[in-house]
Amino acid sequence: MLRTPAHDTRLRILEWLRDPAAHFPPSHGTDLLADGVPADAVAAVLGVPGPVARTHLTLLTALGLLRVRRIDGRDHYRRDEVRIAEVARIFEKGW
């Protein structure tokens, strides 16, 4: 876990996904909270190309902090609150 989510961009993504309706435009026929936010919407809010945003999202997914769901050929990302709480407890215990 040498590459951590401590990178400012990844922390911002995690924060934005806590309340996706406040940070992202409505998605076509999906619920941002239940289904997740499309990768291209994350890229637009970050102001970076899609591949850059997907790199951050892929890392957060690999760490288990995000869940990905494919809807209509697009990946949608949402927080995994259980895993985030587990990781927070690990760091609180002084890992």
From the coordinates shown, P(r) over Cα pairs in 10 Å bins from 0, in percent corresponds to which of (1) 11, 13, 14, 13, 10, 9, 8, 7, 6, 5, 3, 0; (2) 13, 27, 17, 12, 10, 9, 7, 4, 1, 0; (3) 16, 52, 25, 6, 0:
(3)
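Tell me, in nm to one decimal, what length is gained between Ala44 and Asp72 on full extension, where the rule is 0.36 nm per residue of separation less the Cα-Cα distance?
Details: separation 28, 0.36 × 28 = 10.08 nm, distance 1.91 nm.
Roughly 8.2 nm would be gained on extension.
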Can you compute the helix-only [θ] at 222 nm over the chain? Use -39500 (n - 2.57) per DSSP H run of at least 4 residues, normalise by all residues, nearest 500 deg cm²/dmol.
-15000 deg cm²/dmol
Which of Gly50, Ser27, Ala88 sits farthest toward the positive end of the charge dipole of the chain, with +1 on the Cβ of Lys and Arg and -1 on the Cβ of Asp and Glu?
Ala88
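Once you have the Cα-Cα distance between Thr9 and Thr58, take 0.36 nm times their residue separation minus that, and quote the gain in nm to one decimal.
Values: separation 49, 0.36 × 49 = 17.64 nm, distance 1.30 nm.
The Thr9-Thr58 span can extend by a further 16.3 nm.
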Spin-label point model (7 Å from Cα, Cβ direction): what's the Glu81 to Asp35 distance in nm?
2.0 nm
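Bear in mind that the values in this text are calculations on the coordinates, not laboratory data. Bear in mind that the values here come from a model prediction, so they are computed numbers and not experimental data. Positions of Cβ are generated from backbone atoms using ideal geometry, with glycine treated the same way; all protein chains shown enter the neighbour counts.
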